[in-house]
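As structure tokens, the structure follows; a few thoughts come after it.
The values are calculated or read from the model by the stated rules, or taken from the named source; none is laboratory data. Everything quoted here is computed from the prediction, not taken from an experiment. With ideal geometry, Cβ positions are generated from the backbone for all residues, glycine too; neighbour counts draw on all protein chains shown. With ligands, DNA and RNA removed, areas are computed over all heavy atoms of the protein, side chains included. Shrake-Rupley method; radii C 1.70, N 1.55, O 1.52, S 1.80 Å.
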Protein chains: 2
Amino acid sequence: MARLPVYLRALTTLSDQGTGTCSSEELAAAAGVNSAKLRKDLSYLGSYGTRGVGYDVDYLRYQIAREIGVTQDWPVVIVGIGNLGQALANYSGFRSRGFRVVALLDADPARHEQVVAGIDVRPFDHLERIVHEHAVAIGVIATPALAAQDVADRMVACGITSILNFAPIVLTVPAQVDIRKVDLSIELQILAYHEQRKTQGASRAEVPGEVPATATEATA
Amino acid sequence: MARLPVYLRALTTLSDQGTGTCSSEELAAAAGVNSAKLRKDLSYLGSYGTRGVGYDVDYLRYQIAREIGVTQDWPVVIVGIGNLGQALANYSGFRSRGFRVVALLDADPARHEQVVAGIDVRPFDHLERIVHEHAVAIGVIATPALAAQDVADRMVACGITSILNFAPIVLTVPAQVDIRKVDLSIELQILAYHEQRKTQGASRAEVPGEVPATATEATA
DNA sequence: AGGAGTTTGTGAACGCGAGAACAAACCGGC
DNA sequence: GCCGGTTTGTTCTCGCGTTCACAAACTCCT
Ligand SMILES: NC(=O)c1ccc[n+]([C@@H]2O[C@H](COP(=O)([O-])OP(=O)(O)OC[C@H]3O[C@@H](n4cnc5c(N)ncnc54)[C@H](O)[C@@H]3O)[C@@H](O)[C@H]2O)c1
Ligand SMILES: NC(=O)c1ccc[n+]([C@@H]2O[C@H](COP(=O)([O-])OP(=O)(O)OC[C@H]3O[C@@H](n4cnc5c(N)ncnc54)[C@H](O)[C@@H]3O)[C@@H](O)[C@H]2O)c1
């Protein structure tokens, strides 16, 4: 289930705050979901709560981490060390969540001089060797859209079975390979869509330029 | 609908390839969705196709762009010009899709010396002035998680009604404000989850694409 | 002009996830 | 030991999105 990582994050925050146990209400609020949904999600993993009390934060956290698979270490390769690839390589949040960047690959020879986040940028042709050496199962694509399908094909050919794609293109891969895509332009466009609807409604209902001051308080 | 930007991207690709018209089958394949779903989505906008022929690529592209709202120009501010913020500022794909970065803001005075992507990094305190000056409706948060809620509150207070959040935290905002979040760690964790299941199932020989009928009801 | 072939638009069935509601279980006090 | 208060785990229902299937509509060829 795609919400487990959110619960895991919320539990980590609670644990850092020193909370020992929490109810489904509290955890649901921290994760931004309905408490019934949260309980149903957790019940899929087993009965890790105590009725009348709630959940033991650290215990539940470990159970979810184990279910997701982040108790073990996942080696990752990043291909395309441009603006985005460098930002990803420098991101500390991956390491702390069980992902270890074992290699940065780029097709541009000019990049091979660079060291990003303490890791040498290496030629893309080293992909096969590195994947085999470190038993890499997860690959990240941060190349331009035109190169992404080729990169994905190469990844699949040498045994990678999960791909995170940042290029704005629909990748075609065999059914046994998992693909997740992150497209920032699409996110912005969805916001623009709703924004347009808001302002259209405002032209009829409200005076332009005026922001309603009601209910600007966060709903807990 | 969240799939419209995907269709728009596919149509742009087709148009660049010189395709004048396309059927729902073709477009659906390019967008990676079912053709019936695509037709239903498009019929929601109006009858822009011709039976027996298909859709005029450029005409449909304009109609979808208008529906989404990317025919107009959307000013955007980015707050938190670290690794990720700089990558975003340098990304040319935003401009080409109707989004214009009007300001880069950061709380760290050391950043204010910098020029990123030809834009001065300015103090976060300038937020109100800039938002008012450029009529900014969309804000991007690329600060650490701890600062994100404060930044969001400030954004909301000065009239921003759509926020794209990269910080790994659940933001609380008034109901009229749209939030979209991008959490790369969560994406990787979802991949790890499926990866773990794959390798577990591999111990028993299985046909790819078939799912054991036991407790594996997590088809994303 | 008419028919054959093609493709859109949409009505209807299906499946699935979300949310409300409730019984079972647990804790603490008396 | 029992009882009130609390919280989980689960069942049931509802609504939505997806998909199939088909009639209407258009083009092209004869
Ligand atoms: N920068 C962003 O914030 C951002 C935002 C949204 C989407 N994206 C997408 O992410 C991708 C990368 O963006 P970017 O800004 O980092 O681009 P970039 O041009 O800065 O970097 C791309 C890198 O990929 C390398 N590359 C090109 N072809 C390759 C190949 N065949 N094999 C290996 N490496 C190859 C290039 O040498 C370059 O270093 C693009 O598809 C872009 O659309 C980026
Ligand atoms: N770098 C990545 O690839 C990546 C990946 C996933 C998630 N993220 C998330 O994106 C966010 C930014 O990541 P990053 O790697 O760019 O971090 P970073 O530390 O490089 O940059 C953060 C920037 O925010 C600024 N900042 C801090 N507090 C601020 C405030 N109150 N107002 C305005 N600016 C403030 C800092 O001065 C800094 O420049 C983090 O929340 C991180 O978890 C980053």
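Listed conditions (1) facing another protein chain (nearest Cβ under 8 Å); (2) in contact with a Phe, Trp or Tyr (Cβ under 8 Å, 6 or more places away or on another chain) are all met by B:ILE141, apart from (1). Return a yes/no flag: does the range B:82-103 have any residue that is away from DNA strand C (no atom under 16 Å from the Cβ), over 26 Å from A:ARG197 (Cα atoms), outside any helix (DSSP H, G or I) and assigned by TED's automatic domain parsing to the domain that holds B:PRO168. Yes: the range B:82-103 contains one or more residues that are away from DNA strand C (no atom under 16 Å from the Cβ), over 26 Å from A:ARG197 (Cα atoms), outside any helix (DSSP H, G or I) and assigned by TED's automatic domain parsing to the domain that holds B:PRO168.
Cβ-Cβ distances below 8 Å connect the following pairs, each with a first residue in the range A:15-32 that is more than 13 Å from A:ARG61 (Cβ to Cβ), a second residue that is assigned to a helix (DSSP H, G or I) and of a type in the set (D, E, K, R), and a separation of six or more residues or different chains: A:SER24/A:ARG39; A:ALA28/A:LYS37. Within the range A:71-94, the set of residues being of a type in the set (A, V, I, L, M, F, W, C) and modelled with pLDDT of 95 or more comprises A:TRP74, A:VAL76, A:VAL77, A:ILE78, A:VAL79, A:ILE81, A:LEU84, A:ALA87, A:LEU88, A:ALA89.
Would you say A:GLU67 is assigned to a helix (DSSP H, G or I) and open to solvent by 70 Å² or more (accessible area, probe 1.4 Å)? So A:GLU67 fails the test. For the range B:102-159, a residue qualifies if it is touching a residue at least 60 places away in the same chain (Cβ under 8 Å) and either open to solvent by 30 Å² or more (accessible area, probe 1.4 Å) or farther than 17 Å from B:ILE81 by Cα (or both), and the qualifying residues are B:ALA135, B:VAL136, B:ALA137, B:PRO144, B:ALA147.
Screening A:VAL116 on (1) farther than 29 Å from B:ALA31 by Cα; (2) away from every other protein chain (no Cβ under 13 Å) shows it passes everything except condition (2). If only residues of the range B:22-64 that are among the β-branched types (Val, Ile, Thr) and within 10 Å of DNA strand D (Cβ to nearest atom) are counted, the one that is nearest to the other protein chains (Cβ to nearest Cβ) is B:VAL33.
Looking across the range A:65-107, the residues that are among the β-branched types (Val, Ile, Thr), more than 16 Å from ligand 2 (Cβ to nearest atom) and more than 8 Å from chain B (Cβ to nearest Cβ) come down to A:THR71, A:VAL102.
Taking the criterion of being in contact with an Asp or Glu (Cβ under 9 Å, 6 or more places away or on another chain) and part of a helix (DSSP H, G or I), the residues of the range B:11-37 that qualify are B:LEU11, B:LEU14, B:SER15, B:SER35.
Considering every residue within the range A:51-67, establish whether at least one is within 16 Å of DNA strand C (Cβ to nearest atom) and on the phi > 0 side of the Ramachandran plot. Within the range A:51-67 (the criterion being within 16 Å of DNA strand C (Cβ to nearest atom) and on the phi > 0 side of the Ramachandran plot), the answer is yes, since at least one residue qualifies. The residue that is modelled with the highest pLDDT, counting only those in the range A:47-68 that are of a type in the set (Lys, Arg) and farther than 9 Å from A:LEU8 by Cα, is A:ARG66. Can you confirm whether the range A:152-163 contains a residue that is within 30 Å of B:ALA65 (Cα to Cα) and modelled with pLDDT of 95 or more? Among the residues of the range A:152-163, at least one is within 30 Å of B:ALA65 (Cα to Cα) and modelled with pLDDT of 95 or more, which makes the answer yes. For the structure I just gave you, tell me whether A:GLN86 is surrounded by fewer than 16 Cβ atoms within 10 Å (Cβ to Cβ) and under 27 Å from A:ALA152 (Cβ atoms). So A:GLN86 does not fit the description; no. In the range B:104-117, what residues are outside any loop (DSSP other than H, G, I, E, B) and in contact with a helix residue (DSSP H, G or I) (Cβ under 8 Å, 6 or more places away or on another chain)? Passing the criteria: B:LEU104, B:LEU105, B:ASP106, B:VAL116. Of everything in the range A:145-164 that is outside any helix (DSSP H, G or I) and touching a strand residue (DSSP E or B) at 6+ places or on another chain (Cβ under 8 Å), the residue that is nearest to DNA strand C (Cβ to nearest atom) is A:SER162. The set of residues in the range B:1-21 that are open to solvent by 50 Å² or more (accessible area, probe 1.4 Å) and more than 9 Å from DNA strand D (Cβ to nearest atom) comprises B:THR13, B:ASP16, B:GLN17, B:GLY18, B:THR21.
A:ARG61: in the same structural domain as A:GLY18 (by TED's automatic domain parsing) and crowded, with 17+ Cβ neighbours inside 10 Å, yes or no? Criteria met by A:ARG61.
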